[in-house]
Amino acid sequence: MKKTILAFFFGAFLLSLTSILNAQEKPLKPRPDAFPPITENSGSKAITMASSIEEMAEWNRYPTYETYLEMMRQWAETYPTLCHIDTIGTSVQGRLILSIYIQPPTVDDLYRPEFFYSSTMHGDEVTGFVMMLRLIDTLLKGYGSNEQYTNLINRTRISINPLSNPDGTYHGGNNTVRYSQRYNANNVDLNRNYPDPFGSAPLNNQQQENTAMIDYVSAHNFRLSANLHGGAEVMNYPWDSFTSAQNPHPNRDWWIEVCKRFVDTSRSYSSNHFRDTYNSGYTAGGDWYVIPNGRQDYMNYYHNCLELTMEISSSKTLSSDQLPEYWRFLQHSLVNYIEEIHSLPSSTEGIDDIATLPDFKVFPNPTRDKLFINDAHDDEIQLFDIKGQEVMNFPKGTRQFDLGALNGGVYILRCGENTIKVIKQ
Ligand SMILES: [Zn+2]
C-alpha cells in the first residue's frame, strides 16, 4: 500500500516535472525576427543623444553617428598598440561599417583564437550598439589594471563591430536614433540575406552590408562569435533553419551550458531579466521560430564559427536612461562569453554535411581538382561559393567533376536535398 502511494506521488511528481519542462518549451512571446516587425513607438520614449564624446561619459545616451565615429577614432589614438580600426565596408548610403580589433601590444608567436562580436544588423535594435561600445571602452581601459581583461586580451584576438546596419539605425538622420528602422536603406532585412546552406534559393539580391561582412569574416578565422539583437531577452543558439527535432546542432549540449552560464550570470546581477520568452532564458532558434538566410547559421555552417544570437533587451529601442542598468546586468556575461573561446567543444564534426541520402559522399575532400560522388543520384549538381553565388553546375547524374579552375576555398555542393561542404585546395 505504502509503495502504491509512493509510486502514485512519484508518478504525479514526474507528471508535474514533465509539465514544467514542457511549459519551458513554449515561448512566452513571438520571435521578433520571425514576424512582420513589431513596431515600437520610440517617439514616446526618452531618447537622449550624445553629440560629443564627453556626453557619453555616463553611458546613458545614444551617440550621434559622428560621435560614434569619433569614439572609435579616439580609442585607436589612445591605445595605438592595443587596438586598431578595421573598415568592414560601407552601407548603401555610404556610412561606415567598422570593427575594432583588440590584441595584446606585445608581438610574439602565441596562437590566439579569434573572437567576434557584432551588433545591430536590425537598425532599431540599438541596445547592443551601446553595450558593444561600452565593452570596447571597458576592455581597453582595463588592460594592465584588471586581471580578467588583461588575461583575456593576452590570450585572444577580439574584434567588435558595434553597428552592422548604420543606415537602419540612423534612418532619421545622423543626429538621432529615434526614427531607426529594422531594414537597411533598400528596405531589406539583413538577417534574411545571407547564403543559406540548407536548401533555400541562392541569393540574387545580396545587400552590400552583408557582402562586406562576408568578405570580412572570410578574411578572418573566427572560432566563436555572437550577434546582438533586441526585442526579447533570450539566448538563441543554432540552428535557425531547423527545429532541434529536425536537425540538432552537433554542439547542442555545449551551447546549452554556455547559454545557461550567460543567463545565470546576468540574473545574478538583476534577477528579472531573460524571462520574457522562455523561463530558461535560452532556446534553439528554430524551436522558437524557423528563419531562413540568417547570419547565425551562415557563420556556423560556412565558417565553422560557433555563433550565438543574443537577444538582450525586451525593448528594441530602450529609453536611453535604461542603458546603464542593462550594462550592469550584461557586462560580466558579455566578457565571460568571450572566454568561452578557450573551452570550445573538442569536435565540431557534423556541422559540415547535411546529406539526406545516407550513402551520399564526395571524395577526395579537400581536393585540388577532381571530385567524385560515390552514389547514383537523380539531381542536378550545383556548386556555390562562400557568398552563396552559384559558380558551377552539372547535369543530373554527374558523378565526376573537375574543380581545377576554381580558386582555393570553401564551396557548397548541393544535389537535391544533400548539401556537402567541399574544400578546394
Ligand atoms: Zn533582430
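The values are calculated or read from the model by the stated rules, or taken from the named source; none is laboratory data. The structure displayed is predicted, hence computed values, not measured ones. All Cβ positions, glycine included, derive from the backbone under ideal geometry; neighbour counts span all protein chains shown.
In table form, for the structure just shown:
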item: Members of region 73-91 that are assigned to a loop (DSSP other than H, G, I, E, B), more than 18 Å from Ile53 (Cα to Cα) and of a type in the set (Ser, Thr, Tyr); result: Thr81, Ser91
item: Matching residues, region 339-363, being modelled with pLDDT under 95, buried (at least 20 other Cβ atoms within 10 Å of the Cβ) and part of a helix (DSSP H, G or I); result: none
item: Search result, residues across region 92-107 that are outside any strand (DSSP E or B) and touching a strand residue (DSSP E or B) at 6+ places or on another chain (Cβ under 6 Å); result: Gln103
item: Every pair of residues 6+ apart whose Cβ atoms lie under 9 Å, when the first sits in region 20-32 and is closer than 16 Å to Gly285 by Cβ while the second is at pLDDT below 75; result: Pro30/Ile38; Pro32/Ile38
item: Criterion: assigned by TED's automatic domain parsing to the domain that holds Leu98 and within 15 Å of the ligand (Cβ to nearest atom) - qualifying residue of Gly142, Gly168, Gly173; result: Gly168
item: Residues that are in contact with a Leu (Cβ under 7 Å, 6 or more places away or on another chain) and within 14 Å of the ligand (Cβ to nearest atom), drawn from region 302-317; result: Met310, Ile312
item: Test: Tyr117 is assigned to a helix (DSSP H, G or I) and either within 18 Å of Pro80 (Cα to Cα) or under 18 Å from the mean Cα position of the chain (by Cα) (or both); result: no
item: Selected residue (criterion: farthest from Phe222 (Cα to Cα)) from residues of region 120-138 that are out of contact with any Leu (no Cβ under 6 Å at 6 or more places or on another chain) and in a loop (DSSP other than H, G, I, E, B); result: Asp124
item: Single unsatisfied condition, Val217 versus (1) over 24 Å from Tyr411 (Cα atoms); (2) modelled with pLDDT of 95 or more; (3) touching a helix residue (DSSP H, G or I) at 6+ places or on another chain (Cβ under 9 Å); result: (1)
item: Members of region 293-338 found to be under 29 Å from Arg178 (Cα atoms) and assigned to a loop (DSSP other than H, G, I, E, B), listed by number; result: Asn293, Gly294, Ser314, Ser315, Lys316, Thr317, Leu318, Ser319
item: Thr78, sole failed condition from (1) modelled with pLDDT of 95 or more; (2) over 18 Å from Leu140 (Cβ atoms); (3) among the polar types (S, T, N, Q); result: (2)
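For every residue, the table says whether it meets (1) assigned by TED's automatic domain parsing to the domain that holds Gln382; (2) within 16 Å of the ligand (Cβ to nearest atom); (3) among the aliphatic types (A, V, I, L, M); (4) under 16 Å from Asn293 (Cα atoms).
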{"position": "Thr211", "(1), (2), (3), (4)": "no, no, no, yes"}
{"position": "Asp215", "(1), (2), (3), (4)": "no, no, no, no"}
{"position": "Leu228", "(1), (2), (3), (4)": "no, yes, yes, no"}
{"position": "Arg267", "(1), (2), (3), (4)": "no, no, no, no"}
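For (1) at negative phi; (2) free of Cβ contacts under 8 Å to residues at least 12 places away in the same chain; (3) surrounded by 15 or more Cβ atoms within 10 Å (Cβ to Cβ); (4) in contact with a strand residue (DSSP E or B) (Cβ under 6 Å, 6 or more places away or on another chain), each residue gets a yes or a no:
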| site | (1), (2), (3), (4) |
| --- | --- |
| Asn365 | yes, no, yes, yes |
| Arg368 | yes, no, no, no |
| Asp378 | yes, no, no, no |
| Gly388 | no, no, yes, no |
| Pro395 | yes, no, no, no |
| Gly404 | yes, no, no, no |
| Cys415 | yes, no, yes, yes |
| Asn418 | yes, no, yes, no |
